[in-house]
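Written out below as structure tokens is the structure these notes cover.
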Amino acid sequence: DKMTSKGIEIEMERKWPRGFEIRLAHTWQRSSDDMRRDNAVNSPRTLSKLNFGFPVAREALSGGLEAQCESSRRTLAGDRAAGFCLANLTLVSRDLVKGLQISASAYNLLDKRYYVNADGNNNISPGFPRTVRIGLTARW
């Protein structure tokens, strides 16, 4: 089978003094199976992200809130796996100690049930529940 994909992506970004910023990205795509002339399996038509960055404690701590959305997608059985939107939150320290940075992120902040994969008749995979990750970065 031969696949064909066509699409367009736009992105806008704006930064303000004092560390505030916003970024919006949106992608439209159409992927088709040339044999069936139909939307490709597991291929959402639209993907969107909205990021808002903000200072929390002057220069020491910043945050980011992200909304991430994907449209529905066709399954191999011909059904549709539902589209979804997720919210993520990240806090990042800047040089707590010289060269040391710590971050904490909460993914799927609202603990939404969603499906990330639709690649088989019985293989519609659920996405991750709310997940928290802590990171430590050392630079020298």
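Note on segment 25-43: residues that are crowded, with 16+ Cβ neighbours inside 10 Å and modelled with pLDDT under 90 total 8. Within segment 8-66, the set of residues being in a loop (DSSP other than H, G, I, E, B), touching an Asp or Glu at 6+ places or on another chain (Cβ under 7 Å) and of a type in the set (S, T, N, Q) comprises just one member, N42. Evaluate segment 49-60: report whether one residue or more is under 22 Å from G127 (Cα atoms) and open to solvent by less than 50 Å² (accessible area, probe 1.4 Å). Yes, the conditions are met somewhere in segment 49-60.
Return yes or no: is K15 touching a residue at least 12 places away in the same chain (Cβ under 8 Å) and exposed (fewer than 14 other Cβ atoms within 10 Å of the Cβ)? Quick ask: steps written out before the conclusion?
Numbers: touching a residue at least 12 places away in the same chain (Cβ under 8 Å): no; exposed (fewer than 14 other Cβ atoms within 10 Å of the Cβ): yes.
Here the answer is no, as K15 does not meet what is asked.
Of all residues in segment 61-91, those being farther than 25 Å from H26 by Cβ, at pLDDT below 95 and surrounded by 14 or more Cβ atoms within 10 Å (Cβ to Cβ) number 2. May I ask you to say which residue of I8, I22 is over 21 Å from L109 (Cβ atoms) and surrounded by fewer than 16 Cβ atoms within 10 Å (Cβ to Cβ)? Exactly one residue qualifies, and that residue is I8.
Would you confirm, using the coordinates I've provided, whether A67 is under 14 Å from the mean Cα position of the chain (by Cα) and among the small types (G, A, S)?
For A67, the condition - under 14 Å from the mean Cα position of the chain (by Cα) and among the small types (G, A, S) - is met.
The values are calculated or read from the model by the stated rules, or taken from the named source; none is laboratory data. This one's a predicted model, so the numbers in the text were calculated from it and none came from an experiment. Neighbour counts are summed over all protein chains in view; Cβ atoms, including those assigned to glycine, are modelled from backbone coordinates with ideal geometry. All accessible areas refer to the heavy atoms of the entire protein, side chains included, with ligands and DNA or RNA removed. Shrake-Rupley method; radii C 1.70, N 1.55, O 1.52, S 1.80 Å.
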